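The values are calculated or read from the model by the stated rules, or taken from the named source; none is laboratory data. All values derive from a computational prediction rather than experimental measurement. Cβ placement follows ideal geometry from the backbone for every residue including glycine, while neighbour counts extend to all protein chains displayed. What goes into the accessible areas is simple: the full protein's heavy atoms, side chains included, and nothing from ligands, DNA or RNA. Shrake-Rupley method; radii C 1.70, N 1.55, O 1.52, S 1.80 Å.
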Amino acid sequence: MDKHTHNRRLNKILNQIDYQPEWRGEADRCHQYFDGKQLDPQLVQALKERRQPILTTNLIAPAINGVLGMEARSRTGWFVRADDNEFQDVAEGLNVRVAEALRMAKADKACSDAYQGQIIGGIGWVEVKKNKDPLSSKYRIEAVHRDEIDWDWKADNWLLRKRWVDVEEAVAAFPQHKAIIEGASGQWANFDTDAFTGVGDVLTHAYDEYQYSTREETEWLNPTRDMIKLYELYYRVWEEEVIMRSSDGRAVVYQKKNPIHQAMVASGKVDIERRAVPKLRLSWYAGPHHLMDMPSPQPHNHYPYVPFYGSREDKIKIPYGLVRSMLSPQDEINFRRIKLTAQLNYKRIVMDDDATKMSDAAVIDEVHASDGMIKLNPMAKREGGARFTVETDQGIAQQQFQIMQEAKTLIQDVAGIYNAYLGKEGGAQSGVAINSLVEQGATTLADINDNYRSARQMVGELVMAHEVEELTSKRNVRVVVPGEGLNGKEREVYLNQEGEGGELSNAISHAKTQVVLGEIQQSPGYRAQVTQMLMDFLSKLPQELQMASMDIIIEQVDLPDDVKKRLMKAYEKLSGNVNPEDMSEEEQAAMQQQQEKQQAVEEMEFKAMQLDLAEKEQKVGKTQAETGYTQARAGTEQVKAASMAAEMQRSAAVPPPLPD
């Protein structure tokens, strides 16, 4: 692909940008209103000429700051999750590296800055790239101003970043193109065309690009500051590739030099097909001059700039934020306040021509002065003296004030922001009612916040793609995974662990992982609220259950980790659930001695119980024997009594002897 093709691509894209719907002016106005610059310079000049006060009451900033504060309050962290249990260790190891990379690059700050642009002007951008500075963090994650980036609104086929840099910085970034950059910075006027005619070298082509460029030189050159505009153009091209598709639906591009891909194709476990896929490429330009073209250096097929969209119009997709609907009420408040204040100083003079010998200007100055003095003309023609009156009220101040108050409520109403959402007092008194109003405010911002969560998640996915690329070529990467909770134990995870036969376990390239946002908020306010709810719940439980659940409160309370660990140790000692691994040698020895004493006491108590049981058994046996003997004797007596009774019966049954 020759240089002319690249130059035509840039000119075509710049022309498309020229014909895109205009939206940046409105976004700039929204940001100016948020910053308090709410009066047009021409209006300010007109107010000065009319001697009217120049007043602004910025009600947009507090409302928007409340929304921005809610983002910080409800912020959730990134974590890597495995799609199945097979790669759980890989996900935990990646989670440690990704979380550390995001923390060091201050990704939370970049996302918050982008969220501010999203809420106010409708769009914010975050750059996610490897950091070229070896002394700084590994990744450069920063918010980018909206004016630096243009993108394809219809097909998302290109993204262009325009950035003003010093000529020295541009030369340091592209030293092989030093002559072209210096020429583009205003030195083409000294270029000797005769010396290069017919040679066809790079400088001649660059000079031709400058000569035939249709863009204004002021677009890319600032000779006063010795700065030049660099264009960073990412664009998509469609190329035919061999696609491998596994049984679970996962598809990857086949790589001929990858032995794993070769083995998978040979085994017949994947389906092969040829498909056209989009490939991302990168071109660099210094003004109208094309410097280089290459495949995208990013390890993913996404732009390294993540958009944070607010809301977008239905047809032409213009981005806009909350402030756009607040502009009209804010203007009304400012104009009403200016008019109301002017009316408080309003004075109309009604006088005869000969009411005073002073000039009109002098009369006006004296009337408006706090200690003014006006001398009336005693020789006035009107009978009874000249007419001279000063009117100070037109009777519409109250109406102006009422309309201004209604406009103040519109500022929050049009954005769907309640007083409770901003921490103001309202009609709700109970905590449940206030929380309900806060939830209603969050519901009205659901669409914008969903866009924010999606963009924030994409920031984490791009960082994970860089980590996966870095780790793929490494072996036996040791990662220390922190334990869960205060008493959790650290454990080691080895990524790309190589076995004796060369096989890999915990292979990064095989793992199916994704970056997700946590479902639990980690802000101090949220933790304090949860802690209060837990304490209210536990206070209603029995005493023994309260003691058993105290570790939950300690883990949730917002205290430094060292204080929480000390509290947990005190609780464990009190409850007797001390972990021996967390104890010192002296504590372990004392605990062992205590256990031995306890065991000896328990053995003595057990022996005493055995003796007591034996005595009781002996007594029971003796009692049982005596009872048996008594029962036996009673049986014998009963037998004897029965025999005697039978004998007596027989004796009674013998007839008496007959008489002689």
Out of all the residues in segment 448-473, which are over 24 Å from the mean Cα position of the chain (by Cα) and at pLDDT 90 or above?
Glu469, Glu470, Leu471
Determine if segment 302-312 includes at least one residue that is surrounded by 16 or more Cβ atoms within 10 Å (Cβ to Cβ) and basic (Lys, Arg).
yes
Any residue at all in segment 32-39 that's surrounded by 17 or more Cβ atoms within 10 Å (Cβ to Cβ), within 30 Å of Asp156 (Cα to Cα) and touching a residue at least 12 places away in the same chain (Cβ under 8 Å)?
no
Which condition number in (1) open to solvent by 40 Å² or more (accessible area, probe 1.4 Å); (2) touching a Phe, Trp or Tyr at 6+ places or on another chain (Cβ under 8 Å) is the one that Gly121 fails?
(1)
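If you go through segment 317-337 one residue at a time, do you hit one that is farther than 23 Å from Leu230 by Cα, open to solvent by 40 Å² or more (accessible area, probe 1.4 Å) and assigned to a loop (DSSP other than H, G, I, E, B)?
So in segment 317-337, the residues farther than 23 Å from Leu230 by Cα come out as 317-337.
In the following step, the residues that additionally are open to solvent by 40 Å² or more (accessible area, probe 1.4 Å) were identified as 317, 320, 324-325, 328, 332, 335-337.
From what's left, assigned to a loop (DSSP other than H, G, I, E, B): 317.
Yes, segment 317-337 contains a residue that is farther than 23 Å from Leu230 by Cα, open to solvent by 40 Å² or more (accessible area, probe 1.4 Å) and assigned to a loop (DSSP other than H, G, I, E, B).
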Top-ranked residue of segment 46-76 - restricted to ones that are among the aliphatic types (A, V, I, L, M) and in a loop (DSSP other than H, G, I, E, B), ranked as nearest to Arg324 (Cα to Cα)
Leu59
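Rundown of residues vs (1) of a type in the set (D, E, K, R); (2) over 30 Å from Gly518 (Cβ atoms), yes/no style:
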position: Gln16; (1), (2): no, yes
position: Asp28; (1), (2): yes, yes
position: Leu39; (1), (2): no, yes
position: Gln42; (1), (2): no, yes
position: Asn58; (1), (2): no, yes
position: Val67; (1), (2): no, no
position: Glu71; (1), (2): yes, no
Restricting to segment 245-270, what's the tally of residues that are loosely packed, with under 12 Cβ neighbours inside 10 Å and in contact with a strand residue (DSSP E or B) (Cβ under 7 Å, 6 or more places away or on another chain)?
0
Show the residue pairs meeting these rules: Cβ distance below 6 Å; 6+ apart or different chains; first residue within segment 140-157 and modelled with pLDDT of 95 or more; second residue in a loop (DSSP other than H, G, I, E, B).
Arg140/Asn131; Ile141/Ala105
Filter segment 279-295 down to the residues that are open to solvent by 20 Å² or more (accessible area, probe 1.4 Å) and under 30 Å from the mean Cα position of the chain (by Cα), then identify the one that is farthest from Tyr235 (Cα to Cα).
Lys279
Over segment 137-154, the set of residues of a type in the set (Ser, Thr, Tyr) and closer than 15 Å to Cys111 by Cβ is Tyr139
Note on segment 354-382: residues among the acidic types (Asp, Glu), loosely packed, with under 12 Cβ neighbours inside 10 Å and either within 16 Å of Thr392 (Cβ to Cβ) or modelled with pLDDT under 85 (or both) are Asp371
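Could we say that Arg51 is in contact with a Ser or Thr (Cβ under 6 Å, 6 or more places away or on another chain) and either surrounded by fewer than 18 Cβ atoms within 10 Å (Cβ to Cβ) or under 30 Å from Pro288 (Cα atoms) (or both) here?
Against the criterion (in contact with a Ser or Thr (Cβ under 6 Å, 6 or more places away or on another chain) and either surrounded by fewer than 18 Cβ atoms within 10 Å (Cβ to Cβ) or under 30 Å from Pro288 (Cα atoms) (or both)), Arg51 does not qualify.
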Can you name the residue in segment 12-27 that is open to solvent by 50 Å² or more (accessible area, probe 1.4 Å) and assigned to a helix (DSSP H, G or I) and is also nearest to Pro319 (Cα to Cα) among such residues?
Glu26
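Report the residue count in segment 77-106 for those that are open to solvent by less than 70 Å² (accessible area, probe 1.4 Å), at pLDDT 85 or above and either part of a loop (DSSP other than H, G, I, E, B) or touching a Cys at 6+ places or on another chain (Cβ under 6 Å) (or both).
Residues meeting the conditions: 2.
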Going residue by residue through segment 94-114, is there one that turns out to be of a type in the set (D, E, K, R), touching a strand residue (DSSP E or B) at 6+ places or on another chain (Cβ under 6 Å) and closer than 29 Å to Arg161 by Cβ?
yes
Considering (1) modelled with pLDDT under 90; (2) part of a helix (DSSP H, G or I); (3) open to solvent by 40 Å² or more (accessible area, probe 1.4 Å), say which one His6 fails and leave the rest.
(3)
